[in-house]
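K.L.:
To start, I am sharing the structure in question, which I have written as structure tokens.
The values are calculated or read from the model by the stated rules, or taken from the named source; none is laboratory data. Values in this document were obtained by computation on a predicted structure and should not be read as measured data. A quick note on method: Cβ atoms are made from the backbone with ideal geometry, for glycine too, and the neighbour counts reach across all protein chains shown. For accessibility, only protein heavy atoms count, side chains too; no ligands or nucleic acids. Shrake-Rupley method; radii C 1.70, N 1.55, O 1.52, S 1.80 Å.
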Amino acid sequence: MTDIEQHEMSPDDWDELNFPRANVQGFDDVVETAISRRGFVSGVLTFGSGAAVMGTSMLKGTSAIAGQTDRFAFEQLPIQTDGTVHVPKGYTWDVLVRWGDPLFSDAPVFDAQMGVPTQGSDRVFGENTDGMELFSVGNHQLLAVNSEFVNSKENLAHTQNGMPTDASDVLRLQNFQGVSVMEVREAETGWEVVIDSPFNRRIHHNTEMTFDGPAAGHDLLKTDADPSGASSFGTFNNCGAGRTPWGTYLTCEENFNGYFGATHEPILDDVTAAGYARYGVPTKVDPGRYNYHGFDARFDITQNPNEPHRAGYIVEIDPTNPDSTPIKHTALGRFKHENAAYALAPDGRLIVYMGDDERGEFMYKWLSSDKYVPGGDTSTLLSDGQLYVAKFNADMSGEWIALTPAATGMSPAEIAIFTRIAASKVGATTMDRPEWIAVNPTAVEGYCCLTNNRNRGIKPNAGGDDTAPNGPNPREANNFGQIVRWRPSDDDHASGTFEWDLYVMAGNPNTREGAYQGSSNINAGNMFNSPDGMQFDTTGIMWIQTDGNDSNEGDFAGMGNNQMLAGDPVTGEIRRFLTGPNGSEVTGLTWSADRRTMFVGIQHPDAPFPDGEGALPRSSIVVVKRVDGALVG
Ligand code: FEO
Ligand code: CA
Ligand code: CA
Ligand code: CA
């Protein structure tokens with residue numbers, strides 16, 4: 001594989017290529033396990049009905065609730081394989097903002113072939129739009145949006161292969177990532193960014209932040225640039241997102257490891273070396289994915305071995321105050337955070353559900369010690385409490401295991417910094433890459449997209465944990481993905497136990513057999529692969545976004561481009577709503593204050609989206625409305 005091809009990979013695939021996990025599970029063990037699981041797979045239950053919906057005889061055909069009137073206000077969109085966005089009849093879409101569009105009037109003008117120069121690269125909308133949330137302040141609507149990574153061939157169009165050639169190139173890439181906060185409004189001509197709004201702000205790889213929680217000030221967080229270990233510079237690989245009930249934005253640091261590298265053979269202490277191995281921090285003397293370390297000593301692990309310990313957290317941003325300092329909440333653990341979905345317990349304590357998106361990693365839950373009181377002090381709610389990891393049992397029960405010093409033999413700071421290692425010690429369930437989690441506002445239940453896992457049953461995770469097929473991850477070499485649902489005991493998200501089932505198993509009913517056909521709510525009309533983004537609207541409809549194989553061939557024939565679908569949690573019905581252009585992932589979804597507009601993220605499209613032939617492709621947020629102006633969620 002060439003450097004260029006490596007640069008075109010997603011961070012997840014790059015990680016797998018550069019940090020392959022050893023294959024230590026024998027083939028015979030895998031087959032035996034798969035066979036012994038078969039009875040369970042065919043017996044996956046849905047809540048309430050008590051009836052098997054996954055029996056092989058029921059895999060094809062209509063949804064489990066034939067005859068029931070659906071709650072969708074649109075006709076299913078057929079698959080698409082072209083270079084633009086499609087929405088159902090009765091809806092319109094338009095581009096709100098593209099990578100490189102100005103947030104301030106002093107921003108450089110975007111050049112269709114060369115993009116944005118380094119000077120002013122922190123004054124424009126960032127690259128690779130991902131998770132987003134909308135906040136209302138009086139009459140102002142503010143979008144806080146993640147910029148996950150870069151498409152460096154396009155972002156550094158003057159270079160041969162997208163690799164930085166000097167410190168200016170590195171700074172440009174650093175400026176294109178992080179978070180954009182911007183005011184948006186609906187004008188006569190449609191939705192637009194309010195250029196120079198006092199709320200507009202760019203947060204990037206050099207923005208100063210503070211740490212709180214058990215790891216703040218710990219020796220493992222101290223660096224040349226921050227001998228206190230209490231402040232941080234930058235937020236990295238901001239993937240999914242979330243919000244708090246008190247109106248702040250949560251941005252989630254995912255594949256942070258790829259920004260670091262070694263300029264000389266590093267000499268590492270055992271603790272650091274074990275952490276690097278578990279999180280995939282590169283130690284080879286090599287330019288790596290971005291070669292930050294070639295030009296910015298902070299990212300050179302030979303000079304600053306603790307810098308990688310300072311990334312991989314949930315970061316809280318107050319979008320209403322552009323002068324506020326973002327806070328890295330170490331209490332919520334350090335891993336490849338996908339998103340952060342909150343719930344409130346009946347007694348007012350705050351729950352935050354989080355996934356660690358890597359093959360065979362875990363699902364987590366934060367529970368605050370103090371209660372959320374609207375208008376009250378919220379300063380302890382993301383720092384004082386308990387972090388748990390999920391264990392799913394084969395009998396469709398589950399439990400949240402507390403990551404305590406007694407259970408792990410680790411200090412609170414070590415648990416916060418090496419959360420994966422702590423979770424492995426307590427026997428957490430290895431998952432098929434937990435992506436977004438969403439909490440249903442109309443029922444006490446949560447959902448997590450388990451996007452895919454080609455290593456399931458083939459290789460252990462990075463910590464050596466066995467990944468034989470298990471309850472919610474029942475298919476080895478899982479190309480398609482599934483969505484797990486859990487209902488906490490006593491209708492209380494603070495409860496330590498839950499029951500679970502699978503809301504959907506994606507699959508291909510045309511070409512595959514058995515469990516790989518998908519569950520009974522998958523059919524030739526609505527099939528998809530690799531569920532990733534997920535949000536509920538206020539009516540309790542679940543919106544599912546995909547980041548999968550869009551070749552439309554082989555296992556994926558009949559699925560077309562990546563897409564957004566609507567799912568009814570009650571009936572199980574799933575219907576395709578929107579398709580993205582070739583090459584793109586559809587990720588990030590939120591709504592205008594009046595719920596008449598959806599904001600949908602289109603990440604890393606191929607050319608010519610959206611500017612036409614000959615122009616650089618640009619990740620964009622699109623606005624989707626109904627032609628009749630009715631509510632869209
Ligand atoms: Fe950045 Fe797991 O998606
Ligand atoms: Ca994602
Ligand atoms: Ca993904
Ligand atoms: Ca992505």
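K.L.:
Relative to the Cα centre, what is the charge dipole magnitude of the range 552-608, using +1 at the beta carbon of each Lys and Arg, -1 at the beta carbon of each Asp and Glu, and rounding to the nearest 20 debye?
P.N.:
Its charge dipole is roughly 280 debye.
K.L.:
Cα to Cα, under 14 Å, and not fewer than 8 places away if on the same chain: which aspartates and glutamates meet these conditions relative to LYS89?
P.N.:
GLU75, ASP628
K.L.:
Using the Cα centre of the chain as the reference point, and only Cβ charges (+1 on K/R, -1 on D/E), how large is the resulting charge dipole? Debye, rounded to the nearest 20.
P.N.:
1140
K.L.:
Here's something else I'd like to know. Kindly list the residues of the range 475-516 that lie in the label zone of SER397, defined by a backbone N under 20 Å from the point 7 Å along the Cα-to-C-beta vector.
P.N.:
Only 485-502 fall inside the zone, counting backbone N under 20 Å.
K.L.:
What relative contact order, as a whole-number percentage, does the chain give when Cα pairs under 8 Å and 6 or more residues apart are counted? Let's see the in-between values first.
P.N.:
On the way: 1753 pairs, mean separation 98.9, N = 633.
Result for the chain is 16 percent.
K.L.:
Can you tell me the accessible area per residue over the range 318-395, all protein chains present, probe 1.4 angstrom, in square angstrom? All intermediate terms of the calculation are to be shown ahead of the outcome.
P.N.:
On the way: 2380 Å² over 78 residues.
Normalised by residue count, the accessible surface of the range 318-395 is 31 Å².
K.L.:
Efficiency by 1/(1 + (r/R0)^6): what FRET value for ARG595 and LYS284, r their Cβ-Cβ distance, R0 = 45 Å, to the nearest 0.05? Working shown, then result.
P.N.:
On the way: r = 50 Å, r/R0 = 1.11.
It comes out at approximately 0.35.
K.L.:
Under 19 Å from the Cα of LYS371, which aspartates and glutamates turn up, not counting those fewer than eight places away in the same chain?
P.N.:
Within reach: ASP212, GLU316, ASP347, ASP384, ASP490, ASP491, ASP492.
K.L.:
For the chain, build the charge dipole from Cβ charges (+1 Lys, Arg; -1 Asp, Glu) around the Cα centre, then report which of SER551, GLN119, TYR290 sits farthest towards its positive end.
P.N.:
SER551
K.L.:
Going 7 Å from the Cα of MET114 toward and past its Cβ, which residues in the range 150-179 have a backbone nitrogen under 11 Å from where you end up?
P.N.:
Backbone N within reach: 157-158.
K.L.:
Give, as a single signed number, the net charge of other residues whose beta carbon lies under 12 Å from the beta carbon of GLU307, with Lys and Arg counted +1 and Asp and Glu -1.
P.N.:
After counting each charged neighbour, the total is -1.
K.L.:
Any chance you could get the radius of gyration and Dmax over the Cα atoms of the range 472-583, in Å?
P.N.:
Taking only Cα atoms of the range 472-583, I get Rg and Dmax of 14.6, 45 Å.
K.L.:
Right, here's the next one. Could you report the accessible area of VAL124 in Å², rounded to 10, computed with a 1.4 Å probe on the protein chains as they sit in the structure?
P.N.:
0
K.L.:
So, in Å, what gap is there between the alpha-carbon centers of the range 585-617 and the range 144-167?
P.N.:
That distance is 19 Å.
K.L.:
If you count only protein heavy atoms with a 1.4 Å probe, what accessible area per residue comes out for the range 219-259, rounded to a whole Å²?
P.N.:
Numbers: 920 Å² over 41 residues.
Value for the range 219-259: 22 Å² per residue.
K.L.:
Expressed as a whole percentage, what fraction of the accessible surface of the chain belongs to carbon and sulfur atoms when a 1.4 Å probe is rolled over the protein heavy atoms?
P.N.:
On the way: 10700 of 21590 Å².
After summing per-atom areas, the C and S share lands at 50 percent.
K.L.:
Okay, moving on. Grab the Cα-Cα distance for GLU265 and VAL137, subtract it from 0.36 nm times how many residues apart they are, and report the gain in nm with one decimal.
P.N.:
Computed gain between GLU265 and VAL137 is 41.0 nm.
K.L.:
Just report the Cα centroid separation between the range 399-425 and the range 190-256, whole Å.
P.N.:
24
K.L.:
Relative to the present Cα-Cα distance, how much length would full extension add between ASP384 and LEU344 at 0.36 nm per residue of separation?
P.N.:
12.8 nm
K.L.:
I would also like to ask the following. Subtract the Cα-Cα distance of GLU188 and ALA407 from 0.36 nm times their separation in residues, and report this length gain in nm to one decimal. Mind dumping the intermediate values first?
P.N.:
On the way: separation 219, 0.36 × 219 = 78.84 nm, distance 5.94 nm.
Separation in residues times 0.36 nm, less the Cα-Cα distance, equals 72.9 nm.
K.L.:
Rg and Dmax of the range 255-321, Cα atoms, in Å?
P.N.:
13.0, 45
K.L.:
Quick one: P(r) of the range 303-353 from all Cα-Cα pairs, 10 Å bins, percents rounded to integers, in order of increasing distance.
P.N.:
In whole percents, the pair-distance histogram is 20, 39, 33, 7, 1.
K.L.:
Next up: Could you please state, rounded to a whole Å, how far the C-alpha centre of the range 359-380 is from the C-alpha centre of the range 431-484?
P.N.:
Rounded to whole Å, the Cα centres lie 23 Å apart.
K.L.:
Sorted by accessible area with a 1.4 angstrom probe, largest first, how do ILE203, ILE79 fall?
P.N.:
The ordering from most to least exposed comes out as ILE79, ILE203.
K.L.:
Beyond 46 Å, what percent of the Cα pairs of the chain remain? Working shown, then result.
P.N.:
Details: 18861 of 200028 pairs.
Within the chain, distances greater than 46 Å cover 9 percent of Cα pairs.
K.L.:
At 222 nm, what value in deg cm²/dmol follows for the chain if DSSP H runs of at least 4 each add -39500 (n - 2.57) and the sum is divided by all its residues, to the nearest 500?
P.N.:
When only DSSP H runs of four or more count, the value is -3000 deg cm²/dmol.
K.L.:
Going down the table (LYS328/LYS391; LYS284/LYS459; LYS336/LYS425; LYS222/LYS365; LYS336/LYS365), which pairs top 20 Å between alpha carbons? Mind dumping the intermediate values first?
P.N.:
Numbers: LYS328/LYS391 26 Å; LYS284/LYS459 23 Å; LYS336/LYS425 18 Å; LYS222/LYS365 27 Å; LYS336/LYS365 14 Å.
Too far apart for the 20 Å limit: LYS328/LYS391; LYS284/LYS459; LYS222/LYS365.
K.L.:
Using the basic label-point model (7 angstrom from Cα toward the beta carbon), what is the HIS158 to THR539 distance in nanometres?
P.N.:
5.1
K.L.:
Sticking with this structure for a sec: Given ASN393, VAL145, THR467, which one lies farthest toward the positive end of the charge dipole of the chain, if we put +1 on the Cβ of every Lys and Arg and -1 on the Cβ of every Asp and Glu?
P.N.:
Checking the options against the dipole of the chain, the answer is ASN393.
K.L.:
If you don't mind, another one. Evaluate the relative contact order of the range 247-352 (contact order divided by residue number), counting alpha-carbon pairs under 8 angstrom at least 6 apart; express in whole percent.
P.N.:
33
K.L.:
Can you compute the modelled spin-label distance between ASP628 and SER551, with each label point 7 Å from Cα toward Cβ, in nm?
P.N.:
Result for the modelled spin labels: 4.3 nm.
K.L.:
Now for a separate question. Taking 1 over the mean of 1/r across every pair of different Cα atoms in the range 369-464, what Kirkwood radius in Å do you get?
P.N.:
Working: mean 1/r = 0.0632 Å⁻¹.
For the range 369-464, inverting the mean 1/r across all distinct Cα pairs yields 15.8 Å.
K.L.:
Taking a probe of 1.4 Å, how large is the accessible area per residue of the range 455-508, in Å²?
P.N.:
24
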